[in-house]
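Quick one: the structure is below, and I'll ask about it shortly.
Quick note: the coordinates plus some simple rules give every number you see, no bench work behind them. Computed from a predicted model, the values in this text were never measured in an experiment. When we count neighbours, we look across all protein chains shown, and the Cβ atoms used for this are built from the backbone with ideal geometry, even at glycine.
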Amino acid sequence: MGRKHTLDNGFSKQMYRLLIPLVIQNLLSAAVSSCDVVMLNYVGQSSISAVSLAANYASVISMVFYGLGTGATLLCAQYYGKRDFQAIRVVEGIALRYSVIITLAVSLLAFTAPRAMMRLFTEDAELIAIGADYLRVMGITYLCWGILEIYLAVLRSIGRVTVCMVLNVMTFVLNILLNAVFIFGLLGAPKLGAKGVAIATAASRVVELIGCFVVSAFSKDVKLDLGAMFCRNKLLTGDFIRLAMPALGNDLSWGLAFSMYSVILGHLGNDAVAANSMVVVVRNLSSTFCFAVASAGGILLGNVMGEGKLDKAKEYASQVMKMTVASGLVGAVILIACMPLVLRFASASLSDTAMGYLKVMLWINTYYIMGGAVNTSLIAGIFRAGGDTRFGLICDTIDMWCYAVPLGFFAAFVLKLPVLWVYFLLCTDEFVKWPWVIAHYRSGKWAKNITREGLFTQAEEAKD
């Protein structure tokens, strides 16, 4: 019993060591979006709504990077458990290869057809014009983002979350400063409003990418090596595709479906869009601890399973779940505490109708956070740590595309229910899948060692 208690305490200490930098990173990421909304609040409701709609593309792309990063993370975390840095380099190169190809395609679309991209979400000519200017500049952001997100995912997989946090702090501070300069026209710069948000984001991402190359130059084992994209290893490529593609499909399916919520609300009026844009910011801030628990748990469980300690991984997973429930409760309390401040701030730019929507949407999200916390920790954290990415793809695809999205469209455009009833129905998606997700967790089938021996021997290495 004493040994078990010591091991459990050791795992808890490692969790908290990773949690603090991860929470800070998540807070900063959410804070950037928050500051965009705060500053645009002084420009007008149309700017807030346009950027909120256009930002759905960034959300979907982030899901792509998260999926690819997950494939890299779960493999690298387990290979780090056995200290195989050669395998980690090859996995990083494979992830970069896919990420760069996808990024180039999306950036080209943003440069050449931004108005068409906006028309998917709204028919409002003013919102289309503002959003198109925003998207053109964001194309530069996507180019940098595709590279640096993979490298940061690899660094996190081997526990170097403090380095990632420092880079995020640098990016956050620069983004805020440049936001103020370009949105309001400070220091002699032109007053660009929503377009200024995109310029600030693009510039800060470029600097963050440069920072990654600087970190890489001083790293002894894990470097940002673009040449690794041309590394070939048939077994690792096969493992990456087998594990990362379901994760990518899962995140992309979920991200696209979640963007459909914005499509539904976007066609219900500017007031619904503006209120939802505020809610998303507050929910993201309130959920930072939940996502950090999922990330930290996935990294550490991957390390343990890479060492072959599957029974120990199952014991540690129960600790992760307890922390997940606690994080969901904390998130709900934070959201409730922030409500008066959010409502007071929003009243400066939102219409009375939008304010009415905002009040109810915030209360709905006090319980919605718990649903998301449990599912994120299990599907994106615990299950993926053991290489189980297929379950999440099947579960989320059925839940979102066979239940939530059709229900939202039916409620909004067939039954023509009020906006808040439509929003409430959309926010039942996380709880519908709880029975299947929790049952899969209890089965323990997700706990696997996915590393290989002899990856780089002459007999087993082959070109794609």
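If neighbour count is taken as other Cβ atoms inside 10 Å, put Glu307, Glu123 in order from fewest to most.
Listed from fewest to most nearby Cβ atoms, that is Glu123, Glu307.
Give the order of Glu149, Glu126 when sorted by the count of other beta carbons within 10 angstrom, beginning with the fewest.
Glu126, Glu149
Tell me the relative contact order for region 94-141 as a rounded percent, counting alpha carbon contacts under 8 Å between residues six or more apart.
Computed over region 94-141, the figure is 43 percent.
Then there is this: Helix-derived [θ] at 222 nm for the chain: sum -39500 (n - 2.57) over DSSP H runs of at least 4, divide by residue count, nearest 500?
After summing the helix terms and dividing by residue count, I get -27000 deg cm²/dmol.
Sticking with this one: Read phi for every residue in region 247-252 and hand back ³J(HN,Hα) as whole Hz from Karplus 6.51 cos²θ - 1.76 cosθ + 1.60, θ = phi - 60°, with x for Gly and Pro.
5, 5, x, 4, 5, 5
Going by alpha carbons, how many degrees (0 to 90, nearest 10) lie between the helix axis of 85-112 and the longest principal axis of the chain?
Compared with the principal axis, the helix lies near 20 degrees.
So, one more: Against the longest alpha carbon principal axis of the chain, how many degrees, from 0 to 90 and to the nearest 10, is the axis of helix 434-443 turned?
10
HN-Hα J couplings of region 48-58 from phi, Karplus 6.51/-1.76/1.60, θ = phi - 60°, integer Hz, Gly and Pro as x?
Along region 48-58, the couplings run 4, 5, 5, 5, 4, 5, 5, 5, 4, 5, 5 Hz.
Per-residue HN-Hα couplings for region 197-207, Karplus 6.51 cos²θ - 1.76 cosθ + 1.60 at θ = phi - 60°, whole Hz, x for Gly and Pro?
Karplus-based 3J(HN,Hα) across region 197-207 equals 4, 5, 5, 4, 5, 4, 5, 5, 5, 4, 5 Hz.
Normalised by the residues of region 2-443, what does the relative contact order come to in percent, with Cα pairs under 8 Å and at least six apart?
Across region 2-443, relative contact order equals 23 percent.
Give me the lysines in straight-line cross-link reach of Lys445: C-alpha distance below 27 Å, same-chain residues under 8 apart excluded.
Cα-Cα hits under 27 Å: Lys4, Lys13, Lys82, Lys234, Lys309, Lys312, Lys314, Lys322, Lys433.
Between Ala125 and Leu341, what is the label-point separation in nm under the 7 Å Cα-to-beta-carbon projection?
Modelled inter-label distance: 4.1 nm.
Using 0.36 nm times the number of residues separating Tyr367 and Gln319, minus their current alpha carbon distance, what extension gain do you get?
Gain on stretching Tyr367 to Gln319: 15.1 nm.
Still on this structure: Compute the separation of the alpha-carbon centres of region 369-395 and region 271-310 and state it in Å as a whole number.
Measuring centre to centre over Cα atoms gives 10 Å.
May I pose another question? On full extension of the chain, what length is gained from Arg442 through Ser216, given 0.36 nm per residue of separation minus the C-alpha to C-alpha distance?
77.4 nm
To the nearest 0.05, how large is the calculated FRET efficiency for Ser351 and Tyr16 if R₀ is 45 Å and r is the Cβ-Cβ distance?
Result of the calculation: an efficiency of 0.55.
Something else now. Quick one: angle between helix 270-286 and the longest Cα principal axis of the chain, in degrees between 0 and 90, rounded to 10, please.
Roughly 30 degrees between the two axes.
Answer rounded, prolate or oblate for region 337-431, using the Cα gyration tensor with square roots of eigenvalues a ≥ b ≥ c: rounded when a/c is under 1.5, else prolate when a/b is larger than b/c, else oblate.
oblate
Bin width 10 Å, alpha-carbon pairs only: give the P(r) of region 2-443 as whole percents, running from 0 to the bin holding the largest distance.
Calculated P(r), rounded to whole percents: 5, 21, 32, 27, 12, 3, 0.
Something else about it: Give the average over all directions of the projected area of the C-alpha convex hull of region 170-317, one decimal, in nm².
13.8
Using the number of other C-beta atoms within 10 angstrom as an exposure proxy, rank Thr353, Thr201, Thr112 with the fewest first.
So the residues, fewest neighbours to most, are Thr112, Thr353, Thr201.
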